[in-house]
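**Q** Take this structure first; my questions come after.
Each reported figure results from applying straightforward, stated rules to the coordinates on display, with no laboratory input. Predicted, not measured: the structure shown is a model, and the values here were computed from it. Here Cβ is always computed from backbone atoms with ideal geometry, including for glycine, and neighbour counts include all displayed protein chains.
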Amino acid sequence: VPSRALPSAQPPAAKDPVPRVAVELLGGTAGGFVGGTVLGSFGYLLGSATVGCDECLVVAVAGTAAGALIGIPVGTYAGGRLMKGRGTLGATVAGSMVGWGATLLGLSLANSGGGDAPAAVNIALFVLPMVGASVGFELSHANTLQQEAAQAQARTSGVRLLPVATYSDKGPRLALLGSF
């Protein structure tokens, strides 16, 4: 009987996701910083040449926000792939967007009611897009591994035989149960 015809006794060892998640968070931070800096600088230069320096800051802030929106999920995805993760970019972007939504909601709730929240609270809320991107990557990583395992199991071809022992009214029976 071939060894692959028998069910495996132990599942494959799981890899520790903590180092991968740490690199994803660092990648998201670096991606957001680089994207925000590059597009923020581009926005500042574009704004100073076209609308004058009174509105330069508005265009620079818009460029910084766009750079962070793009940079965080791309950096997270790159960090996860660097650590041999199998997540998808779409899920990483979706997780980051959920994090941005939570950040905006948190900022509006923390600063409503007539008083401003401490600066540390406002700054800490900007961690949520990176956490969301990492969660999205990890969820899609697990889903991808499950799909690949199911496909690999479906691809195993050939005859699979399994010995079966049973008892009937005519006495004990031995048989082979198989799939082709």
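**Q** Given only helices, namely DSSP H runs of n ≥ 4 each adding -39500 (n - 2.57), what is the per-residue ellipticity at 222 nm of the chain, to the nearest 500 deg cm²/dmol?
**A** Working: 5 runs with 116 residues, N = 180.
Helix-only estimate at 222 nm: -22500 deg cm²/dmol.
**Q** Mind checking which of THR92, VAL58, ILE70 is farthest towards the positive end of the chain's charge dipole, using Cβ charges of +1 (Lys, Arg) and -1 (Asp, Glu) about the Cα centre?
**A** With unit charges placed on the Cβ atoms, the residue in question is THR92.
**Q** Moving on. What is the ratio of the Cα radius of gyration of the chain to 2.2 N^0.38 Å, with N the residue count, to two decimals? Mind showing how you got there, number by number?
**A** Details: Rg = 26.6 Å, N = 180, 2.2 N^0.38 = 15.8 Å.
In units of the globular-protein estimate, the chain measures up at 1.68.
**Q** Which of TYR167, TYR44 comes first, and how do the rest follow, when ranked by fewest Cβ neighbours within 10 Å?
**A** Going from sparsest to densest Cβ surroundings: TYR167, TYR44.
**Q** Then there's this: What list do you get for ASP116, ASP169 if you sort them by fewest beta carbons within 10 Å? Don't jump to the answer; show the numbers that get you there.
**A** Details: ASP116 11, ASP169 4.
By the 10 Å Cβ count, ascending: ASP169, ASP116.
**Q** Let me ask another. Using unit Cβ charges (K, R positive; D, E negative) and no other charged atoms, how large, in debye to the nearest 20, is the dipole of region 16-179 about its Cα centre?
**A** My answer is approximately 1040 debye.
**Q** Which value in nm describes the separation of the simple spin-label points at ALA66 and LEU105, placed 7 Å from the Cα toward the beta carbon?
**A** 2.8
**Q** Still on this model: How many angstrom separate the Cα center of region 67-85 from the Cα center of region 104-180?
**A** Each part's Cα centre sits 20 Å from the other's.
**Q** In region 79-96, whose amide N lies under 18 Å from the spot 7 Å out along Cα-to-Cβ of ALA149? List them in ranges.
**A** 85-88
**Q** Still on this model: Provide Rg and Dmax in Å for region 92-145, with only Cα atoms included in the calculation.
**A** Cα only, region 92-145: 13.7, 49 Å (Rg, Dmax).
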